[in-house]
């Protein structure tokens, strides 16, 4: 089972964990990416995320399909937020269930790394003294 979405509403880690709960799986692994208060030595005020939503969902589905072929994932939730996010807010959640923890950690790592490389989601970092577009997710 898969739950893939892009939304401008706040993301809910507990809802994702609830979605991936599976009595046949001994592990639920998750990655939660939050807006941090700095990049290098610059203070971050907020981030702005934009997505080519139709293509981003399609690419996220490819990532999930590949991960489900490579690891024994029973359920996965893969959510990304768009719009203006303040420090501490959640930008991305990946939750999945697997029989054992090792493959779950590996699958989460694969999903976030591939998201950053292939999915058309862009972030603008807003600093106290300027801003810069970054070519991928957090």
Exercise. Would you pick out the residues in the range 37-80 that are assigned to a loop (DSSP other than H, G, I, E, B), closer than 23 Å to residue 125 by Cα and in contact (Cβ under 8 Å) with a residue 60 or more places away in the chain?
Worked result: 52
For this session: Output the number of the condition that residue 102 fails; it satisfies all remaining conditions of (1) farther than 16 Å from residue 63 by Cβ; (2) in contact with a helix residue (DSSP H, G or I) (Cβ under 9 Å, 6 or more places away or on another chain).
Result: (2)
For this session: Looking at (1) in contact with a strand residue (DSSP E or B) (Cβ under 8 Å, 6 or more places away or on another chain); (2) closer than 16 Å to residue 77 by Cβ; (3) not in a loop (DSSP other than H, G, I, E, B), find the lone condition where residue 18 falls short.
Result: (1)
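Can residue 135 be described as surrounded by fewer than 18 Cβ atoms within 10 Å (Cβ to Cβ) and either at pLDDT 95 or above or closer than 25 Å to residue 18 by Cβ (or both)?
Criteria not met by residue 135.
The values are calculated or read from the model by the stated rules, or taken from the named source; none is laboratory data. In this text, all values refer to a predicted model and were calculated from it rather than measured experimentally. Neighbour counts run over all protein chains shown; Cβ positions are idealised from the backbone, glycine included.
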